[in-house]
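Below is one structure, written out as structure tokens; comments come after it.
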Amino acid sequence: MVMVTTAALLALSYLSPVCDPYHFWYIAFLGMAMPILILTNFIFLLIFTLMLSRWALIPLLLFLIGIGHIGDYVGFNFITTYPDNARRKKNEIKLLTYNVHGFRLHEYPNGENMDSLINYIISQEPDIVCLQELKSTGSRDSVYLSERMSRWKYVVHSYLEDDGKYKFGLAVYSRFPLTDAHSVKFSSRQNSSMYVDVNIEGKKIRLFNNHLQSTQFTGNDKKELISGDVEAAAKKVGNKLRESYKVRAFQADTISALVKLSPHPVIVVGDFNDTPASYVVNVIRGDMSDSFRERGQGYGYTYTDLFKLFRIDYVLHSKDIETIDYESPPVVWSDHKPVVVKLQIR
């Protein structure tokens with residue numbers, strides 16, 4: 001029966017946050033599909049309830065067991081008391097994190113996309129900017145980026161590659177002093193993390209900026225799944241996902257250990273390349289708060305491809321920091337949406 005199968009798969013998906021994908025990679029697949037499974041289960045609940053059937057008890061039980069996961073995908077904070085133009089209070093900051101997809105320089109080599117994206121960042125007037133997939137293909141791009149971002153006095157870059165002509169990596173721009181910066185390099189040539197201490201009006205916060213292992217899912221993979229040899233394409237994509245889950249699990253364990261060693265309250269941001277119901281997010285989050293759960297509204301997604309289903313960019317923080325406002329606007333300059341939050345440091 002389809003309903004029983006869906007219920008069994010949903011039950012297994014609930015295990016994804018606590019099952020290490022290195023050993024239970026198939027559970028990670030189900031965790032990625034959790035929002036679809038929850039929706040399907042809810043439809044069965046409605047159908048069998050209207051039919052006054054006892055079968056409704058199965059989807060009802062599964063719905064109740066997993067009700068806590070719904071807040072990972074849908075924000076119910078539709079009332080906010082924070083005025084947009086209000087003067088910021090002491091220890092109140094605005095932070096923007098954005099995977100800029102290399103500014104799409106491969107599509108717009110003249111830099112017009114970079115220019116529009118930076119204009120957007122400037123318009124938001126954040127105190128701290130965290131960028132992932134930062135890219136420059138020559139000295140012109142690098143100088144231009146430095147000039148445009150010069151309003152943020154303190155800057156730390158963490159480049160994976162820098163041969164003078166090509167740079168790729170992470171960056172933190174801040175109007176607050178930055179000290180004790182460290183890069184965290186992984187085996188992948190495309191992924192890394194960094195952390196730096198931010199002195200916010202006398203209080204130190206350790207900020208982690210992350211770009212974890214991607215699935216390497218390409219446009220060609222999507223085309224093959226839709227119109228090509230579906231079986232071969234599905235196997236290829238499945239292998240990519242399985243390997244990426246394993247790599248990210250190791251990266252997540254590394255970041256989690258560093259977060260626990262922090263002598264200061266922490267803010268952890270970036271592109272985790274994984275969904276809220278995943279081992280990666282669960283391990284890194286630990287006992288921290290998720291800004292989306294605190295102030296997000298509506299269905300939360302930050303990756304604009306793959307049918308706009310997935311939230312893979314996060315702002316997490318220690319309990320003595322509070323999210324006042326959360327926004328992830330659907331701008332068009334990257335394959336990710338930015339996440340913009342206002343935080344109060346207690």
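The values are calculated or read from the model by the stated rules, or taken from the named source; none is laboratory data. What you see is a predicted model, and the numbers here were worked out from it, not measured in a lab. Here the Cβ is made from the backbone with ideal geometry for all residues, glycine too, and neighbour counts use every protein chain on show. Remember, those area values only see protein heavy atoms, side chains included, never the ligands or the DNA or RNA. Shrake-Rupley method; radii C 1.70, N 1.55, O 1.52, S 1.80 Å.
Numbers at a glance
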| quantity | calculated |
| --- | --- |
| Charge dipole of the chain about the Cα centre (unit charges at C-beta), most positive-ward option of M114, V266, Y314 | V266 |
| Structure-based [θ]222 nm, the chain - -39500 (n - 2.57) summed over DSSP H runs of at least 4, per residue, nearest 500 | -11000 deg cm²/dmol |
| Order of exposure, largest accessible area first, which applies to E327, E231, E125 with probe 1.4 Å | E231, E125, E327 |
| Per residue, the convex hull volume that the Cα atoms of the stretch 269-345 enclose (Å³) | 85 Å³ |
| Amide H partners (placed H, <5 Å) of N99, local residues excluded | Q132 |
| Net charge dipole size for the chain [Lys, Arg +1 and Asp, Glu -1 on Cβ; Debye, nearest 20] | 460 debye |
| Heavy atoms of W25 accessible to a 1.4 Å probe, total area in Å² rounded to 10 | 80 Å² |
| Set of aspartates and glutamates near K246 by C-alpha distance (under 16 Å), chain-local residues within fewer than 8 positions excluded | D20, D274 |
| With every protein chain in place, the chain: carbon and sulfur % of accessible area (1.4 Å) | 58 percent |
| Heavy atoms of V266 accessible to a 1.4 Å probe, total area in Å² rounded to 10 | 10 Å² |
| Restraint check, K135/K308; K90/K204; K308/K337; K204/K337, Cα-Cα greater than 18 Å | K135/K308; K204/K337 |
| Debye log10 I(q)/I(0) for the chain, one point scatterer per Cα, at q = 0.11, 0.14, 0.15 Å⁻¹ | -0.76, -1.19, -1.34 |
| Amide H within-cut-off set for N273, under 5 Å, with H built and near neighbours excluded | L212 |
| Histogram of C-alpha separations across the stretch 103-150, 5 Å bin width, % | 4, 19, 33, 28, 11, 4 |
| Whole-number Å³ per residue for the convex hull built on Cα positions in the stretch 236-283 | 69 Å³ |
| Heavy-atom accessible area per residue - the stretch 95-145, 1.4 Å, Å² | 35 Å² |
| Surface accessible to a 1.4 Å probe, per residue, for the residues of the stretch 236-346, Å² | 35 Å² |
| Phi to ³J(HN,Hα) by Karplus 6.51 cos²θ - 1.76 cosθ + 1.60 over the stretch 4-19, Hz, x for Gly, Pro | 5, 4, 4, 5, 5, 5, 5, 4, 5, 5, 5, 7, 4, x, 10, 9 |
| Qualifying aspartates and glutamates (Cα of each under 15 Å from Cα of K235; at least 8 residues distant if same chain) | D221, E224, E243 |
| Calculated from backbone phi, Karplus (6.51, -1.76, 1.60) coupling profile of the stretch 331-339 in Hz, x at Gly/Pro | 7, 10, 8, 8, 8, 10, 9, x, 10 |
